[in-house]
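Trainee: Right, I'll just put the structure down here and ask away after.
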Ligand code: C5P
């Protein structure tokens, strides 16, 4: 079964209301969808359900106090806010919503919400009269203005004996709503291997041959694949980029090393995306000590071809992964890319014109055409991150097609 929340980190905040007992069920159902859960409770919530319950279910300590030195030193409210991909407050009491609307931060949960940059989702639950009051509705209007997403309460029987709007949204509907908020789960369960960045080919211990690749596009693809639910390994040449969260990094220098690491995990790889700008030539015999200036005006280096990693992978007998190559071209973009698609026997090739400096190696922007069997799709200029997400959608679709049609 496809897990719609795999790789997602959700902080479940529980406030004081009778529906707090349902938070245990919410925790379990989110875990069923693959989410990693941490929980935070207000002191009122602890009157309805014990922290031990949520600790046992979430398999993590429950965050309870803003000023508790012990928990704050383990994972403080800022770190919890940063840790989460999404914060869900369920149930959210009228009092909590009022404090959230005021932007307060005098308890742990409001402080976490204020510190968070991720999406905050609020599922209110309260007596129908409290829900209807202008005070509550004004507060709801206020928090919506701040892009906090509301999961509106259901209508029906209430624990207080009344009938009306105020029941916590059904747990399965909460889980569905959260799953839909994450863009995609198209690569759930897949092992994805991305190569990125340049390689460095040693001339001597202090000098090397390399290229201008920044690694930005490859890193963005690794991150987008992870967001789509894949388990991602990134084999990277030297770059200055931060490693995307939850992506396994393998650092390499040379083309030979990149090939070796790629081959070592290719058997367990479902999708291989070769974004690296692998040097085409290496120094035949690098010097073991620094080459000294001798007064000669010329120095010759004998170069030999590096292995073509992508070609090696596409020639593999037996279980070959779905293979995606990149073609960085300065002229005859499509013709050259089509040739590579055929010659390297790829499933897809992503062609980009590196002669345009606005979409070149170091830019944050890119514009590409993806070619494959019955596929010719151009993505207009956009950020490398946006493009990465779009490419992952195409890769997932085509990979799935290739499985269904053998
Ligand atoms: O033939 P060309 O270098 O243009 O092919 C580009 C594609 O091949 C890219 O996907 C790149 O990562 C891959 N490649 C490789 N090993 C090489 C050269 C290129 O894997 N030595």
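Derivation of every value follows stated rules applied to the coordinates shown; laboratory data play no part. This one's a predicted model, so the numbers in the text were calculated from it and none came from an experiment. We place every Cβ from the backbone using ideal geometry, glycine too, and count neighbours over all the protein chains shown.
Trainee: For the pair residue 181 and residue 105, how long in nm is the line joining their label points, each one 7 Å along Cα→Cβ?
Mentor: Here the modelled spin labels are 2.0 nm apart.
Trainee: Could you tell me the center-to-center distance, by alpha carbons, between segment 118-193 and segment 296-340 in angstrom?
Mentor: With segment 118-193 and segment 296-340 each reduced to a Cα centre, they are spaced 51 Å.
Trainee: Comparing 133, 149, 293, which has the greatest mean-square fluctuation in the GNM of the chain with Cα pairs linked when under 10 Å apart?
Mentor: 293
Trainee: Still on this structure, please answer the following. Using only Cα atoms, locate the centre of segment 26-48 and the centre of segment 223-252, then give the distance between them in Å, rounded to an integer.
Mentor: Spelled out, the Cα-based centre of one part sits 29 Å from the other.
Trainee: With springs only between Cα atoms under 10 Å, which of 15, 53, 195 fluctuates most in a Gaussian network model of the chain?
Mentor: In this elastic network of the chain, the residue with the biggest mean-square fluctuation among 15, 53, 195 is 53.
Trainee: Right, next: Arranged by the count of other C-beta atoms within 10 angstrom, fewest first, what order do 185, 77, 212 take?
Mentor: 212, 185, 77
Trainee: Please report the antiparallel percentage of the DSSP beta bridges confined to the chain, to the nearest 5.
Mentor: Counting DSSP beta bridges with both partners in the chain, the antiparallel share is about 35 percent.
Trainee: Separate question: Helix 255-265 against the longest principal axis of the chain: what's the angle in degrees, Cα atoms only, rounded to the nearest 10?
Mentor: Between helix and principal axis, roughly 50 degrees.
Trainee: Can you tell me the FRET efficiency between residue 69 and residue 119 if r is taken as the Cβ-Cβ distance and R0 is 35 Å, rounded to the nearest 0.05?
Mentor: Efficiency at R0 = 35 Å is approximately 0.75.
Trainee: If I model a spin label as a point 7 Å beyond the Cα along the Cα-Cβ vector, how far apart are those points for residue 297 and residue 43 in nm?
Mentor: Label-label distance for residue 297 and residue 43, simple model: 8.5 nm.
Trainee: Given segment 247-406, what percent of its DSSP beta bridges are antiparallel, to the nearest 5?
Mentor: Antiparallel: roughly 60 percent of the beta bridges in segment 247-406.
Trainee: Could you please rank 37, 334, 309, placing first whichever residue has the fewest other Cβ atoms within 10 Å of its Cβ?
Mentor: Fewest to most other Cβ atoms nearby, the residues stand as 334, 37, 309.
Trainee: Would you mind telling me the antiparallel percentage of the DSSP bridges in segment 9-181, rounded to 5?
Mentor: Of those bridges, close to 20 percent are antiparallel.
Trainee: Taking Cα atoms, how many degrees apart are the long axis of helix 22-32 and the longest axis of the chain, rounded to 10 and kept between 0 and 90?
Mentor: Its long axis makes an angle of about 20 degrees.
Trainee: Grab the DSSP H runs of the chain that are 4 residues or longer, score each as -39,500 (n - 2.57), total them, divide by all residues and round the 222 nm result to the nearest 500 deg cm²/dmol.
Mentor: Helices in the chain give a 222 nm mean residue ellipticity of -10000 deg cm²/dmol.
Trainee: Also: Measure nothing fancy, just the Cα-based angle from helix 134-145's long axis to the longest principal axis of the chain, in degrees from 0 to 90, nearest 10.
Mentor: 0 degrees
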